[in-house]
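The values are calculated or read from the model by the stated rules, or taken from the named source; none is laboratory data. Just so it is clear, the model here is predicted, and its values are computed rather than measured. Here the Cβ positions follow ideal geometry from the backbone for every residue, glycine too, while neighbour counts run over all protein chains shown. Note: areas computed on protein heavy atoms with side chains; ligands, DNA, RNA excluded. Shrake-Rupley method; radii C 1.70, N 1.55, O 1.52, S 1.80 Å.
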Amino acid sequence: KWDAILIYHTSRLARNPTISFGTHELANLNQVPIIFTSQPQCNGYSTATILTRGIQFLIDENQSLTNSDFTHDTMCLKAKGGCFLGGIPPLGFDVVEYKTKSGLKRKELVINEKEANTVRKIFQMYLAGISYSDMAEELNRQGLKTKRGGKFFKNSFYEILIREKYTGTYTWNLAPGQKSLRKRFQPEGN
């Protein structure tokens, strides 16, 4: 049995007021106090403290939503400018980082010619009607590797064959049934 739960700030408990209230109630039912070390006004069970804690839970959720909106808006601006937003670049591309004239760091996709040749072979084999299994076997026989340096398998090709990046269209936040941000771009070396 726990004597108490120490949490630095109410926002560390949860960012959803329903979860925060539920967790706090569950701890209360089990007679385990939750103590917010940086917010003594949110500790205890007086009417004023419960009201303060509830307001703080709502403020925490609002801050989380505000941060999410800001992050999304910033990523949209970067994506519209053709910046690479992270993750592992697709096969055939590398990421280069440089500083702009204003001193900001910027990442962009550039063509990796060695990998681009592999991508071309994949598309040529697909257009020739070769099965995914046979494509994997042939590429592995030639000693070609995936982006992570591994062998090709039959499930290695679907994402490559449907990615719009290979047609020169930059996409971001692409999810089935939703509109994504798309921008034409011309990678270096193209």
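Give me the percent of accessible area attributable to carbon and sulfur for the chain, probe 1.4 angstrom. Mind showing how you got there, number by number?
Values: 6980 of 12670 Å².
Carbon plus sulfur share of accessible area: 55 percent.
Mind putting a number on the dipole of the chain about its Cα centre? Charges go on the C-beta only, +1 for Lys and Arg and -1 for Asp and Glu, and I need it in Debye to the nearest 20.
Numbers: 26 positive and 17 negative charges, 136 e Å.
About 660 debye.
Hydropathy at least -0.5 by Kyte-Doolittle, axial extent at least 20 angstrom from the Cα trace: which helices of the chain, defined as entire DSSP H runs, fit? Don't jump to the answer; show the numbers that get you there.
On the way: long enough: 47-80 (50 Å, -0.22); 113-127 (21 Å, -0.62).
Those that pass (Cα extent of 20 Å or more, hydropathy at least -0.5) are 47-80.
When only alpha-carbon atoms are used, what values of Rg and Dmax, in angstrom, describe the chain?
For the chain, the Cα radius of gyration and maximum Cα-Cα distance read 25.4, 74 Å.
Grab the DSSP H runs of the chain that are 4 residues or longer, score each as -39,500 (n - 2.57), total them, divide by all residues and round the 222 nm result to the nearest 500 deg cm²/dmol. Display every interim value, and only then the final one.
Working: 6 runs with 81 residues, N = 190.
Only helices count here, giving -13500 deg cm²/dmol.
Out of the DSSP beta bridges found with both residues in the chain, what percent are antiparallel (nearest 5)? Don't jump to the answer; show the numbers that get you there.
Working: 11 of 15 bridges.
Expressed as a percentage, antiparallel bridges in the chain total about 75.
May I ask for the equivalent-ellipsoid semi-axes of the stretch 1-64, computed as the square root of five times each C-alpha gyration tensor eigenvalue and listed largest first in whole Å?
Details: eigenvalues 60, 31, 26 Å².
Ellipsoid half-lengths, sorted descending, are 17, 12, 11 Å.
With every protein chain present, what is the per residue accessible area of the stretch 19-128 (1.4 Å probe, Å²)? Before the final figure, lay out each step's value.
Numbers: 6880 Å² over 110 residues.
For the stretch 19-128, the per-residue accessible area is 63 Å².
Which Cα, out of Gly87, Thr49, Tyr166, lies furthest along the positive dipole direction of the chain (beta carbon charges, K/R +1, D/E -1)?
Of Gly87, Thr49, Tyr166, it is Tyr166.
Under a cut-off of 19 Å between alpha-carbon atoms, report the aspartates and glutamates in cross-link reach of Lys101, not counting same-chain residues fewer than 8 places apart.
Candidates past the 8-residue exclusion: Glu188.
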